[in-house]
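Okay, structure first, notes after.
The values are calculated or read from the model by the stated rules, or taken from the named source; none is laboratory data. Source: prediction; values computed, not measured. Virtual Cβ from ideal backbone geometry, glycine too; neighbours counted across all protein chains shown. For the accessible areas, the whole protein counts, side chains as well, though only heavy atoms, and no ligand, DNA or RNA atoms are used. Shrake-Rupley method; radii C 1.70, N 1.55, O 1.52, S 1.80 Å.
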Amino acid sequence: MSDPTHFFGTADTEIKLSLVREYLETYTKALRGKFRRLWYFDAFAGTGTWSVKIPGKEADFLTEGYPERVEQRRGSATIAIDIEPRFDKIFLMDALPKHVAALMALREAHSDRDILVLAGDANKLIPDALRAADWRSTRAVMFLDPYGMQVEWETLQAIANTKAVDVWYLFSLSGLYRQAARNIEAVDPTKRRALTRMLGTDAWEQELYSSVDQGQHDIFSGLEQPEIRQRHADVAGLEAYVRRRLLTIFPLVLEPFALPVRRRPQLFSLFFAVSNDDPRALGLARKFGSHILKRGISS
């Protein structure tokens with residue numbers, strides 16, 4: 001959401017980034033010295049900043065006026081670079097050339113750091129980058145903040161298989177309930193394939209939809225009416241389904257944080273998932289993640 005035309009509200013963007021920032025700070029403090037390398041992955045890094053329009057104000061007899069202005073604030077990539085203790089290596093990925101150029105400039109501005117900028121489809125870049133690590137001595141945090149429904153299930157599976165990466169995943173719940181239309185007949189083959197790639201199974205058709213009882217026969221023609229299948233899961237049900245799917249590959253997935261905070265139906269669900277199945281690691285991650293998400297709810 002680094003593109004200023006793509007964020008859904010300055011307050012909510014600030015909350016999302018503050019939750020991730022707090023976890024990164026806690027993470028490096030807790031793990032520094034316990035592992036040889038700590039890495040950070042930002043798979044949809046944008047430009048490293050995001051823009052906020054500050055409305056102007058007309059002067060009156062009590063106060064001076066001021067014009068509208070645009071403020072540049074730190075995005076997730078810049079936040080990760082500034083974290084202390086530092087990450088040993090930072091991977092910044094994006095598919096848009098203008099974003100990649102901005103990330104290259106960000107890397108040049110921090111030439112003393114080990115920052116790798118990768119251009120292209122995150123679903124191809126992430127598995128390749130993960131294969132390059134020795135996960136016996138490396139731990140990592142990954143932030144998935146896609147511009148829509150780009151993250152494929154195979155990518156999530158590759159992350160989970162490391163047993164060493166914690167994930168913050170901003171899931172497009174609005175994308176899911178738009179694609180998974182109320183009537184299954186409205187979900188064309190292209191949408192079905194997209195949903196299956198994102199959810200990792202075609203069983204969503206049976207698990208999210210059920211038949212509508214219309215009676216057995218048309219009383220005038222005597223013919224049996226065609227089956228009508230409708231989605232029985234509401235927005236909360238869809239979110240719960242996504243969490244259940246994530247729990248099939250991650251040993252820990254906390255209850256997600258809804259964004260925007262004060263709008264319903266929500267557009268996004270911020271999931272926190274842990275791939276390390278060691279009980280001590282799970283306990284620590286649960287403690288940190290739960291505390292941070294609860295603080296966000298009270299914001």
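To the nearest 10 degrees, how steep is helix 122-131 against the longest Cα principal axis of the chain, on a 0 to 90 scale?
The helix 122-131 is inclined about 60 degrees to the chain.
Where in region 111-128 does the label zone of Ala101 land, with the point 7 angstrom along Cα→C-beta and an amide N cut-off under 19 Å?
Hits in region 111-128 for Ala101 at 19 Å: 117-121.
For a Förster distance of 30 Å, can you work out the FRET efficiency between the beta-carbons of Asp134 and Glu205, rounded to the nearest 0.05?
On the way: r = 40 Å, r/R0 = 1.35.
About 0.15, to the nearest 0.05.
Given the peptides 148-156, 203-211, arrange them by the average over their residues of other C-beta atoms within 10 Å, most packed first.
Values: 148-156: 18.8, 203-211: 15.4.
So the order, starting with the most tightly packed, is 148-156, 203-211.
Would you tell me the accessible area of Lys98, worked out with a 1.4 angstrom probe on the heavy atoms of the protein chains, in Å² to the nearest 10?
140 Å²
For the chain, what is the accessible area per residue in Å², given a 1.4 Å probe and the full set of protein chains?
50 Å²
For Leu144, what residues show an amide H to amide H distance below 5 Å, using hydrogens built from the backbone and excluding near sequence neighbours?
Trp168, Tyr169, Leu170
So if I place +1 on the C-beta of Lys and Arg and -1 on the C-beta of Asp and Glu, and nothing else carries charge, what would the dipole magnitude of the chain be about its Cα centre? I want it in debye, nearest 20. Please report the intermediate quantities before stating the final value.
Details: 41 positive and 39 negative charges, 216 e Å.
Once rounded to the nearest 20, the dipole reads 1040 debye.
Within the chain, how many lysine pairs that are 8 or more places apart, or on different chains, have C-alpha atoms less than 17 Å apart?
On the way: Lys16/Lys294; Lys29/Lys89; Lys29/Lys287; Lys34/Lys89; Lys34/Lys163.
Lysine pairs meeting both conditions in the chain amount to 5.
When the helix-only estimate is applied to the chain (DSSP H runs of n ≥ 4, each -39,500 (n - 2.57), divided by the residue count), what is the mean residue ellipticity at 222 nm, nearest 500 deg cm²/dmol? All intermediate terms of the calculation are to be shown ahead of the outcome.
Values: 10 runs with 115 residues, N = 299.
That comes out to -12000 deg cm²/dmol.
Ordered by packing density, taken as the mean number of other Cβ atoms within 10 Å over each peptide's residues, highest first, how do 271-277, 120-126 rank?
My ranking of the peptides, most packed first, is 271-277, 120-126.
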